[in-house]
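Right, one structure below, let's go through it.
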Amino acid sequence: FLMDDKIAAADSLALGQDMYQLVSELYPICRSITGNGVRTTLERLRRYLPLNMQEVLTGTQVFDWTVPKEWNIRDAYVKNSRGEKIIDFHRSNLHVLNYSVPVSRKLSLEELKPHLFSLPDHEEWTPYRTSYYKENWGFCLSHKQLETLEPGDYEVMIDATLEDGSLTYGECFVRGESSEEVLISCHSCHPSLCNDNLSGIALATFLAKRLLDRPRRYSYRFLFIPGSIGSITWLARNETGVNRVAHGLVVACVGDGGKFTYKKSRRGDAEIDQVVAHILRHRGVPHEIREFTPYGYDERQYCSPGFNLPVGSLTRTPHGEFPQYHTSADNLDFVRPEYLAESFEMYWKVICVLEENRRYLNQNPKCEPQLGRRGIYRSMGGQVNQPLNEFAMLWVLNMSDGAHTLLDIAERSGLPFQTVLDATVPLVDKGLLKSLPAPLPGAFGGTP
Ligand code: ZN
């Protein structure tokens, strides 16, 4: 088999720690949908991966959108009338409204207040706010601090630039035997937020790194892109090759301890939808499977009707459903190495099933072959508690008519995929089963 589907406990622990280390390293960088924060982030990932960095010029038309101006920031603060810095970008990049235009002026508390953002429900936390498509400036702070601000003169300074430049994204292509691709996409546009954004970047990075070390059937394409505008830009530039995407997942929010949540592709019955549902069910972990909605991360672009790619999204607690979401509390305490490791294992398992999910053909389809004579079945009949693999062999033989995949057999029989896969080994070995070549892209309900 191409893939080892189990990750040893020690390896898993080490992987979790490595991913957490990467999250910690990327945490302080001020990212946005464009600018040097994204470039620095992708440069760091290049220590792990052969990552191509793509630059798309401001003003480039991408379907109904336009690549925006590039934003870069060096400093930002608010000083009170005593000249004390009460809000400082260098203490947390969340303090600045992301994409703020430059400003340097004095103003009263009343004039300043419309530019201040806080969270009355979580008064210790700083919110994360953006203003990508409407020029504005602002600061984010805890509600507790906001309430202590006294009337008087304030000095605000945002040393930022918003000018023509480019949008940066990263692409890592891992070639396999087949030109059919598995797309793994994550967003890379959030500043100091760990679960939303950094956990996905870390998981995708280590997934690519592991795949590079192994023989593989599919080719894999990893995208590290700014949310929405990044996937729109990538789709606009790669429209002709997009039908090679046979399966895809959008990775995000994989570092918290919440239950696994799978959001199906728009198709709802794509192979990726079956695979993830099967694994979650058989892992015996708390999980939830949801239908597609045109809201969320980049799956909404991949699953727009003009593309309708088989791309779902596997997360822990989905965006917006944990209180720490888009606040300073989505920090290095909120994500844990063991959760990252568990999420990694789930993704790895998905890849292993995709890699091994094939169609076979029973070479002795007229009545059951005599397995006992071939030494692969107990010769004595009438025993009630037959080991699962004997059932699995019978299922595989019965259903391997060329139309059903191993996953179809696993689903129909209620057996785990791995048990069905293991049952093919002696049958192939004895010449009772033959693997069929993979269907051509699009031959089984692929992209039109
Ligand atoms: Zn977000």
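Worth pointing out:
- Considering region 318-349, the residues that are buried (at least 21 other Cβ atoms within 10 Å of the Cβ) and of a type in the set (Ser, Thr, Tyr) include one that is nearest to the ligand (Cβ to nearest atom), namely THR327.
- Here is the figure for region 87-103: residues that are buried (at least 17 other Cβ atoms within 10 Å of the Cβ) and either touching a His at 6+ places or on another chain (Cβ under 7 Å) or not aliphatic (A, V, I, L, M) (or both) total 8.
- Given (1) open to solvent by less than 30 Å² (accessible area, probe 1.4 Å); (2) more than 18 Å from the chain's Cα centre (by Cα), index of the condition ARG175 fails: (1)
- Test: HIS287 is more than 16 Å from the chain's Cα centre (by Cα), within 19 Å of ARG316 (Cα to Cα) and buried (at least 18 other Cβ atoms within 10 Å of the Cβ): yes
- Condition check for LYS106: surrounded by 16 or more Cβ atoms within 10 Å (Cβ to Cβ) and more than 20 Å from the chain's Cα centre (by Cα): no
- Segments classed as strands (runs of 3 or more DSSP E), wholly inside region 121-210, with at least 3 members that are in contact (Cβ under 8 Å) with a residue 60 or more places away in the chain and within 16 Å of the ligand (Cβ to nearest atom): 181-187
- Qualifying residue in region 319-327 (condition: under 15 Å from the mean Cα position of the chain (by Cα), touching a residue at least 60 places away in the same chain (Cβ under 8 Å) and assigned to a loop (DSSP other than H, G, I, E, B)): yes
- Check on ARG129, within 28 Å of the chain's Cα centre (by Cα) and among the basic types (Lys, Arg): yes
- Filter pass, GLU355 being modelled with pLDDT of 85 or more and either under 30 Å from GLY248 (Cβ atoms) or of a type in the set (Phe, Trp, Tyr) (or both): yes
- Test: GLU84 is under 30 Å from SER142 (Cα atoms), of a type in the set (Asp, Glu) and open to solvent by less than 30 Å² (accessible area, probe 1.4 Å): no
- Of the residues making up region 328-366, those that are in contact with a Cys (Cβ under 9 Å, 6 or more places away or on another chain), in contact (Cβ under 8 Å) with a residue 40 or more places away in the chain and farther than 26 Å from ALA8 by Cβ number 5.
- Subset of region 259-277 [part of a loop (DSSP other than H, G, I, E, B) and either under 16 Å from TYR347 (Cα atoms) or in contact with a strand residue (DSSP E or B) (Cβ under 8 Å, 6 or more places away or on another chain) (or both)]: LYS259, LYS264, SER265, ALA270
- Residue match in region 250-259 (condition: away from the ligand (no atom under 16 Å from the Cβ) and hydrophobic (A, V, I, L, M, F, W, C)): no
The values are calculated or read from the model by the stated rules, or taken from the named source; none is laboratory data. Nothing here was measured: the structure is a model prediction, and the numbers come from that model. Neighbour counts run over all protein chains shown; Cβ positions are idealised from the backbone, glycine included. Heads up: the accessible areas ignore ligands, DNA and RNA and are worked out on the full protein's heavy atoms, side chains in. Shrake-Rupley method; radii C 1.70, N 1.55, O 1.52, S 1.80 Å.
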